[in-house]
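Just below is one structure, and these are the notes that go with it.
Throughout, read-outs are computed from the coordinates displayed, never taken from laboratory work. Nothing here was measured: the structure is a model prediction, and the numbers come from that model. Quick reminder, even Gly has a Cβ in these numbers, built from the backbone with ideal geometry, and neighbours come from all protein chains shown.
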Amino acid sequence: MEDWSARQYLKFEDERTRPPRDLLAQVPLERPRRVVDLGCGPGNSTELLVARYPQSEVIGLDSSPAMLRKARERLPKHSFIEADIATWSPAPGTDLLFSNAVMQWLPDHTTVLRRLLAALAPGGVLAVQMPDNTREPGLVFQGEVGRSGPWADHPEIKAAPRPDLPSVEAYYDLLKPVASHIDIWHSIYNHVMASPAAIVEWFKGSSLQPFLSPLDTVAREKFLAAYGKKIAGAYKPRSDGKVLLKFPRLFIVAVR
């Protein structure tokens, strides 16, 4: 898959930064020694961690060179490393692993979550937020368009739909053997968007990427046209002409 676009992702920076802000508010640490932002993207979540913990060592980690370039521009005094979360392990002295909207992309993210939590010293915290929106029209339509066009037999398109997250109970049972305390909750955001076309732009910065990446320019435009038509039919204008993007998210704060 081609690299992520930081510019596309940040078109909706305020809305995308709200979930990590809500997650951070529930982290029960006053002064962690080292904080690692797993999947830091363009640094918007890292910036929250720097503001919350000015005396701590805050490190951003991501596998996308484009995202890391943007993060380094944003926070030039802080360290950012390119690494794969699936195989990376925290160094001794790491007290907080913070992950905003990235774990859902890993093929076996449940195993990774447990491994990372187990790697922390007692009292360390793993704080995770993941979109839980695979049943929402915005994602359902991606799969429908992927299965219906001339690209339907492309192996990357077939593999592009993201599976549903496991249940809350499954996460609890997975993490509790290595955790002293777990807090799990859902929040549903209703983002006010200018139009159905704005919803398409939103997903172009995230879950549409695996569908569009394998396609040439002409095929991308056809895919987006078919997807946009479905979005316009499902997200109706409200009284002021704007539309609401319903977005459920799952939050986990686990203490080692």
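Summing -39500 (n - 2.57) over the DSSP H runs of n ≥ 4 in the chain and dividing by its residue number, what mean residue ellipticity at 222 nm do you reach, to the nearest 500 deg cm²/dmol?
Numbers: 11 runs with 101 residues, N = 256.
Rounded to the nearest 500, the figure is -11000 deg cm²/dmol.
Distance between the C-alpha centres of region 21-79 and region 109-136: 16 Å, rounded to the whole angstrom.
Using the per-residue mean of other Cβ atoms lying within 10 Å as a proxy for protection, in what order, highest first, do the peptides 181-194, 46-59 fall? Please list the in-between numbers first.
Working: 181-194: 13.4, 46-59: 18.8.
Descending packing order for the listed peptides: 46-59, 181-194.
Regarding region 1-124, what's the average projected area of the Cα-atom convex hull, expressed in nm²?
7.4
Sort 107-113, 15-21, 236-242 for me by packing, meaning the mean count of neighbouring Cβ atoms within 10 Å per residue, highest on top.
Working: 107-113: 15.1, 15-21: 17.7, 236-242: 9.3.
Listed from highest to lowest mean packing, they are 15-21, 107-113, 236-242.
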